[in-house]
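K.L.:
One structure, pasted below without further comment.
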Amino acid sequence: MNILLLGSGGREHALAWKISQSPRLSHLYIAPGNAGTALAGTNVSIAADDFDHIGEFAVRNRIDMVVVGPEDPLVKGIVDYFAGHTDLQNIPVIGPSGKAAMLEGSKEFAKGFMMRHHIPTARFKSVTFPRITEGVRFLETLKAPYVLKADGLAAGKGVLIINDLFEAREELHQILSGKFGEAGKTVVIEEFLSGIELSVFVITDGKSYKILPEAKDYKRIGKGDTGPNTGGMGAVSPVPFAGQDFMKKVENRIIIPTIKGLQIEDIVYKGFIFFGLINCHGEPYVIEYNARLGDPETEVIMPRLRNDLVDLLDGVASGNLVEKTVLIDDRHVTAVILASGGYPGTYEKGKIITGLEKVADSLVFHAGTKNDNSQVTTNGGRVIAVSSFGSTMNEALEMSYKNAALIDFDKKYFRPDIGFDLV
Ligand code: AMP
Ligand code: GLY
């Protein structure tokens with residue numbers, strides 16, 4: 001099979017690494033990819049949301065399957081685009097339709113969906129500018145801290161957690177007045193849920209589903225979960241508190257009603273579903289849905305997946321996922337992200353990365369890197385994920401940190417305490 005993978009981050013390198021091991025693969029292309037994906041296939045310089053050029057490329061190169069990494073092309077409707085062109089409609093695209101990707105693309109839609117299907121989530125109210133007073137009244141019924149979410153995609157910046165009621169009212173006004181542009185024309189106000197978060201992933205062909213390894217990511221930039229949110233500074237899998245009992249609750253109360261809800265609402269979903277969950281006193285609640293895999297979670301999930309990923313993806317495309325069995329490695333995998341100093345604020349790019357060849361016994365997944373005159377240079381905030389196996393989480397972390405120290409670039413930064421809250 002010829003496969004085209006869309007995206008350019010650590011998630012995509014981990015997917016490319018896994019896909020490239022498949023005996024069923026003829027050729028893997030990655031658009032646009034990074035210096036790491038170039039080791040697993042051929043990078044193609046087409047943006048992941050440039051549908052016309054992706055379509056042309058797919059026809060010209062006899063692509064048999066398109067795998068979508070990031071949410072942007074999904075929310076913009078790449079699945080519908082392929083379905084709507086006669087020369088493309090026979091090429092399966094792994095990912096939800098534009099309508100289904102609304103589970104990620106619109107917080108209001110996701111909340112409404114959860115209400116309709118009785119899926120546990122925080123109490124909420126969704127408001128637009130003309131209804132701001134209703135929003136303020138709802139805020140007044142809640143206890144601090146207050147959670148405000150821009151309805152649409154806001155590059156990971158659209159969620160505010162505010163301690164003071166007066167400040168929350170001000171922010172509500174500002175978001176509805178355009179602080180986050182179109183994404184904030186509707187705001188979801190939520191009750192704050194207190195607990196520990198985890199990410200649960202399933203793959204579905206729209207009829208059946210398979211649960212992939214769960215993971216926990218570390219979103220804050222600073223030690224001890226402090227400072228601003230990032231895309232994710234590290235991840236671990238498995239998650240110790242996600243034992244059988246907890247995961248049964250997740251499956252019965254959240255996964256099954258979600259898959260059934262999509263069917264009831266006639267929403268076509270063939271791809272990955274990412275459940276951002278919170279464990280409140282042993283009970284799982286949905287914080288958010290994503291229409292894709294997580295990053296850096298994918299960098300710990302793919303190493304634990306023992307299946308041929310292409311075979312699973314083919315099950316999604318062919319609608320016979322029910323016949324597949326997911327096999328998971330019992331070992332722990334941890335990922336430590338090496339980031340550019342300054343991230344998630346401003347940072348410099350183009351720093352030469354050294355020491356990659358010194359790494360032993362870890363997987364190096366590139367995130368923001370590129371090939372520059374035969375050198376690998378930094379090209380983003382999150383630069384590299386160092387993923388390692390261990391018989392315990394600590395053993396895996398030791399290996400990730402040992403190798404993280406061997407890779408270097410100017411102003412390299414990483415969190416020294418991934419997994420700190422789980423020991
Ligand atoms: P989201 O983009 O919806 O994942 O929100 C970003 C982060 O805000 C989440 O990962 C949580 O840490 C936090 N968050 C969102 N909603 C809530 C909530 N209702 N209660 C507590 N924390 C929340
Ligand atoms: N690591 C969280 C995400 O991918 O959104």
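K.L.:
Taking the chain as a Gaussian network, Cα atoms linked when under 10 Å apart, which of Ala235, Ala335, Ala155 shows the biggest mean-square fluctuation?
P.N.:
Comparing Ala235, Ala335, Ala155 in the GNM, the peak value goes to Ala155.
K.L.:
Oh, and also: FRET efficiency for Lys207 and Thr141, Cβ-Cβ distance as r, R0 = 51 Å, nearest 0.05?
P.N.:
With a Förster radius of 51 Å, E is 0.80.
K.L.:
Using the Kirkwood formula on the Cα atoms of the chain, what hydrodynamic radius do you get, in angstrom to one decimal?
P.N.:
Answer for the chain: a Kirkwood hydrodynamic radius of 22.0 Å.
K.L.:
Roughly how many nanometres apart are two label points built 7 Å out from the Cα toward the Cβ at Asp164 and Val268?
P.N.:
5.1
K.L.:
Ok, one more. Post the alpha-carbon centroid distance, segment 205-276 to segment 295-335, in whole angstrom.
P.N.:
14
K.L.:
With a ≥ b ≥ c taken as the square roots of the eigenvalues of the C-alpha gyration tensor of segment 246-339, please select rounded if a/c is under 1.5 and otherwise prolate if a/b is larger than b/c or oblate if it is not?
P.N.:
Since a/c reaches 1.5 but b/c is at least a/b, the shape of segment 246-339 is classed as oblate.
K.L.:
Compute the label zone of Lys185 within segment 149-163: residues whose backbone N is under 14 Å from the point 7 Å along Cα-to-Cβ.
P.N.:
Under cut-off, by backbone N: 151-153.
K.L.:
If you don't mind, another one. Using the Cα gyration tensor of segment 289-351, with a ≥ b ≥ c the square roots of its eigenvalues, what is the shape: rounded (a/c below 1.5), prolate (a/b larger than b/c) or oblate (neither)?
P.N.:
prolate
K.L.:
Which pairs break 23 Å Cα to Cα here: Lys185/Lys270; Lys18/Lys76; Lys223/Lys412; Lys125/Lys223; Lys143/Lys249; Lys107/Lys210?
P.N.:
Exceeds cut-off: Lys185/Lys270; Lys18/Lys76; Lys125/Lys223; Lys143/Lys249; Lys107/Lys210.
K.L.:
Between Lys223 and Asn252, how many nm apart are label points set 7 Å from Cα along the C-beta direction?
P.N.:
Once both label points are built, they end up 4.3 nm from each other.
K.L.:
Give the long-range amide H neighbours of Gly234: residues separated by 5 or more places, or on another chain, with amide H under 5 Å away, using H modelled in the peptide plane at 1.01 Å from N.
P.N.:
Counting only residues 5 or more places away or on other chains, the set is Tyr218, Ile337.
K.L.:
Put His85, His117, His281, His53 in order of accessible area, largest first, 1.4 Å probe: what do you get?
P.N.:
The ranking, largest first, comes out as His281, His53, His85, His117.
K.L.:
Here is a further query. Subtract the Cα-Cα distance of Gln244 and Ser26 from 0.36 nm times their separation in residues, and report this length gain in nm to one decimal.
P.N.:
Taking Gln244 through Ser26 to full extension adds about 74.6 nm, to one decimal.
K.L.:
Same structure again: What order do you get for 285-297, 214-226 when each peptide is scored by the mean count of other beta carbon atoms within 10 Å, highest first?
P.N.:
Ranked from most to least packed, the peptides come out as 285-297, 214-226.
K.L.:
Does segment 382-423 classify as rounded, prolate or oblate by the C-alpha gyration tensor (a ≥ b ≥ c root eigenvalues; a/c under 1.5 gives rounded; else a/b over b/c gives prolate, otherwise oblate)?
P.N.:
In terms of gyration-tensor shape, prolate.
K.L.:
Report for the chain the percent antiparallel among DSSP-assigned beta bridges with both residues inside it, nearest 5.
P.N.:
In the chain, DSSP labels about 80 percent of beta bridges as antiparallel.
K.L.:
Would you mind putting 18-28, 32-42 in packing order, based on average other-beta-carbon counts within 10 Å, highest first?
P.N.:
The most tightly packed comes first, giving 32-42, 18-28.
K.L.:
Counting only helical runs of four or more DSSP H residues, what would the 222 nm mean residue ellipticity of the chain come to if each run contributes -39,500 (n - 2.57) and the total is spread over all its residues?
P.N.:
-7500 deg cm²/dmol
K.L.:
Estimate the FRET efficiency between Asp372 and Ala47 by the formula 1/(1 + (r/R0)^6), using the beta-carbon distance for r and 25 Å for R0, to the nearest 0.05.
P.N.:
Efficiency computed from Cβ-Cβ geometry: 0.80.
K.L.:
With only alpha-carbon pairs counted, each pair once and no self-pairs, how large is the Kirkwood hydrodynamic radius of segment 336-402 in angstroms?
P.N.:
Result for segment 336-402, one decimal place: 12.7 Å.
The values are calculated or read from the model by the stated rules, or taken from the named source; none is laboratory data. All values reported here derive from a predicted model rather than from experimental measurement. All Cβ positions, glycine included, derive from the backbone under ideal geometry; neighbour counts span all protein chains shown. With ligands, DNA and RNA removed, areas are computed over all heavy atoms of the protein, side chains included. Shrake-Rupley method; radii C 1.70, N 1.55, O 1.52, S 1.80 Å.
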